[in-house]
Structure formats: structure tokens, C-alpha cells
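Peer 1: Quick one: the structure is below, questions incoming.
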Amino acid sequence: MSAVVDHGVRFGRIAVTLPVKDMGRAHDFYTRVLGFTKAFENGNPIGFMILQRDQGELHLTLQPNHPAAAFTIAHLMVDDVDRLHAACVQHGARIIKRLKDQDYGLRAFVFEDPDGNRIDVGQPL
């Protein structure tokens, strides 16, 4: 096992960037279903967008030909996983892994956004 490296550098915010094929559709999903708000956009047409909610930040980048990954690309911790799961189901998001209590201490599920990006959502048990 290797030692922990301390370069004397403090890390700040880190945000995931999701590739999307249709910026309008992605914006609609993340604002209408998950409750994010747009904080920034760039380009004409829009090629990059920052969405925020509470302590979460999500970056969207327009990539019309990007194939979706067949694995989870982001993890989201929430304080009411059951309520978010219900919102995803109500709005027709594809559930990849059903909501259940996991042996690693989280109640969790995985959903797929309209561009096929898989997001793991969890809440500590």
C-alpha cells in the first residue's frame, strides 16, 4: 500500500461534465426532473452549460456524436433517495439498477438521462 501524497494543495469544487446530444433536451431534463437551475451558458448555439442545485454542480457539453458509456459516469448523494427515484420514474427516466439498500451502506439506484448518461444516486442508510 502506498503512502498518502500531500502536495500542500487544497482541492476545491470538482464538477462532472456530461456529454449531451441535444442541449435543450438535457437542460429540460435536469431542470424539470432534478430541479437544477442554469448558472451559465456559452456559445451560439449553446455548446456548454453549467447547472447548479444546492451543493451540486453539473456541466453539460454538446457532443452530438458521442456514444453513451455503458457504465455509471457520475454519483449523486441526496437526502431523500426515495423521492428522487419517484421523480425519475414519474418523468420516464430509464432505471438501470432498481432502488434498494446496498450492503455498502447506501440506499441507491442508477438512472439514465435522455442521452444515456448513467447516474448513481445514493443516500446513507
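Peer 1: For the list (1) aromatic (Phe, Trp, Tyr); (2) out of contact with any Lys or Arg (no Cβ under 6 Å at 6 or more places or on another chain); (3) surrounded by 14 or more Cβ atoms within 10 Å (Cβ to Cβ), I need the number of the one condition that Phe36 fails.
Peer 2: Here Phe36 meets the rest and fails (2).
Peer 1: Is there a residue being among the polar types (S, T, N, Q), at pLDDT 95 or above and assigned to a loop (DSSP other than H, G, I, E, B) anywhere in segment 27-42?
Peer 2: Scanning segment 27-42, I find no residue that is among the polar types (S, T, N, Q), at pLDDT 95 or above and assigned to a loop (DSSP other than H, G, I, E, B), so the answer is no.
Peer 1: Out of all the residues in segment 10-17, is one or more among the aromatic types (Phe, Trp, Tyr) and surrounded by 14 or more Cβ atoms within 10 Å (Cβ to Cβ)?
Peer 2: no
Peer 1: Filter segment 62-90 for residues that are within 16 Å of the chain's Cα centre (by Cα), over 22 Å from Leu125 (Cα atoms) and of a type outside the set (Val, Ile, Thr) and give the result.
Peer 2: Leu62, Ala68, Ala69, Ala70, Phe71
Peer 1: Further, regarding this structure: Report, by residue number, each residue of segment 16-35 that is without any contact (Cβ under 8 Å) to a residue 60 or more places away in the chain and not hydrophobic (A, V, I, L, M, F, W, C).
Peer 2: Those that are without any contact (Cβ under 8 Å) to a residue 60 or more places away in the chain and not hydrophobic (A, V, I, L, M, F, W, C): Thr17, Gly24, His27, Asp28, Thr31, Arg32, Gly35.
The values are calculated or read from the model by the stated rules, or taken from the named source; none is laboratory data. Note that the structure is a prediction, hence the values are computed from the model and not measured. A quick note on method: Cβ atoms are made from the backbone with ideal geometry, for glycine too, and the neighbour counts reach across all protein chains shown.
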